[in-house]
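Here the structure comes first, spelled out in structure tokens, and everything after it is commentary.
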Amino acid sequence: MIGGAQLTIDLEALAANYRLIRDTVAPAQAAGVVKANGYGLGASEVVRTLAGQGCRHIFVAVLGEAEELAQLLEPELRESLELYVLNGLLPGSEETCARLGVIPVLNSLDQIQGWTEQAAAMGRRLPAVLQVDTGMSRMGLPEDELARLLAEPALLEGINLRLLISHLACADEADDPANAMQWSRFQGIARRFPDLPLALDNSGGAFLRRSHGDLVRAGIALYGGAPQAGANPMRPVIALEAAIAQVRSIPAGAGVGYGLTFRAQRPTKIATVPVGYADGLPRSLGNRGAGWIAGMRAPIVGRVSMDSITLDVTDVP
Ligand SMILES: *Cc1c(COP(=O)(O)O)cnc(C)c1O
């Protein structure tokens, strides 16, 4: 506690969240998404924990993340995992991807071509995931490119497709009609690739009441984030704790913090806590977020400062 605050990452809670998702989506398998350094928690620690629960499929967003992860993991552990890159291949990255044994998600005919050329150059077949767009308009083959691919299967020469994926736009709202629409489009496309395992769902999708195909790509829920609107079934994984630095009593009408954006409506007790946006606490929590003291909610009043916040603790005994 040399600094003002301490962040705790509960790997046992992470493991429990993995088990909940795994059991919810069975008989589909659960993959772990660890892009952006394991959603900020440390990708290699996260992967070790997930692997300890039997997770064998790991997704990152960009090749650099896979490269770093491969260096951090014990070689034996690395060998036991499939590492996938969601954003696929940037031109010129094919050789590195192949050398690292990383499986790219191919999102366009250009990426497919880059990978077939790499396979030809190496004189062997290379594994890949094929992503199709089913309505989010972000990543994956659009309809016209998919039609061309289906008409010309030779475009996949030298590529060993392992998985067909797409991504849901509204999975965090269980009743959104986009979920059923994307699921039905995905199944329609899947019929054209009869032997390929399927993976459509993210965290939200894992909790939709329907089949989950063969593999689910879970991210935010592993880390304790709510997969869908409503009650959150996941265990919190991170806790940020700090000691109270100072407590003061202010009269009605007194202002608090930069800009005096909070004005006390009553005689108020303010606790100053030494954690702020320099520690990653979003400034948007000013006058909106809260801290908890012995389980009691204490609203953040005033702005979030660089290294402190002010809590209204009037009602905390
Ligand atoms: C980020 C991402 C995921 C994981 O999504 P969560 O909502 O965090 O579970 C899955 N698939 C793709 C393609 C992603 O980009």
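The values are calculated or read from the model by the stated rules, or taken from the named source; none is laboratory data. For clarity, every value in this text was computed on a predicted model and none was experimentally measured. Ideal geometry is used to build each Cβ from the backbone, glycine not excepted, and the neighbour counts take in all protein chains shown. Ligands, DNA and RNA are stripped out before the accessible areas are found, and what is left, the full protein with its side chains, is counted by its heavy atoms. Shrake-Rupley method; radii C 1.70, N 1.55, O 1.52, S 1.80 Å.
Taken over the alpha carbons of the stretch 244-298 as equal point scatterers, the Debye sum produces base-10 log I(q)/I(0) values at 0.18, 0.27 Å⁻¹ of -0.70, -1.39.
On full extension, the segment bounded by Ala147 and Leu285 gains 45.0 nm, given 0.36 nm per residue less the C-alpha separation. When the alpha-carbon atoms of the stretch 5-126 are used, the pair Rg, Dmax equals 15.7, 55 angstrom. Of the residues Pro27, Pro299, Pro104, the one that moves most in a GNM of the chain with alpha-carbon contacts below 10 Å is Pro299. Once the chain from Gln265 to Val62 is taken as fully extended at 0.36 nm per residue, the excess over their C-alpha distance is 68.1 nm. Within the chain, helices built from complete DSSP H runs that reach 18 Å or longer along their own axis (Cα positions) and carry a mean Kyte-Doolittle hydropathy of -0.5 or higher are 11-25, 109-122, 177-190.
Taken per residue, the accessible surface of the stretch 88-127 reaches 48 Å², heavy atoms only and a 1.4 Å probe. Using amide H atoms built 1.01 Å from N in the peptide plane, name the residues 5+ places from Gly291, or on other chains, whose amide H lies under 5 Å from its own. HN-HN under 5 Å from Gly291: Ala298, Ile300.
Nonpolar atom fraction for the stretch 47-103, defined as the carbon and sulfur part of the 1.4 Å probe accessible area, stands at 51 percent. Given Ala229, Leu168, Phe207, which one lies farthest toward the positive end of the charge dipole of the stretch 151-244, if we put +1 on the Cβ of every Lys and Arg and -1 on the Cβ of every Asp and Glu? Positive-end residue among those listed: Phe207.
Just the number, please: carbon plus sulfur as a percent of the accessible area of the stretch 143-272, 1.4 Å probe, no ligands or DNA/RNA counted.
Working: 3630 of 6930 Å².
Answer for the stretch 143-272 is 52 percent, counting heavy atoms of protein chains only.
For Ile103, the residues 5 or more places off, or on other chains, whose built amide H falls under 5 Å of its own are Leu83, Tyr84, Val85.
What does the charge dipole of the chain about its Cα centre add up to, to the nearest 20 debye, if the Cβ of each Lys and Arg holds +1 and the Cβ of each Asp and Glu holds -1?
Working: 27 positive and 33 negative charges, 220 e Å.
Dipole of the chain, to the nearest 20 debye: 1060 debye.
Label point 7 Å out from Ala154 along Cα-to-Cβ: which residues of the stretch 90-124 have amide N under 16 Å? Taking a point 7 Å out along Cα→Cβ of Ala154, the residues of the stretch 90-124 whose backbone N falls under 16 Å are 113, 116-117, 120.
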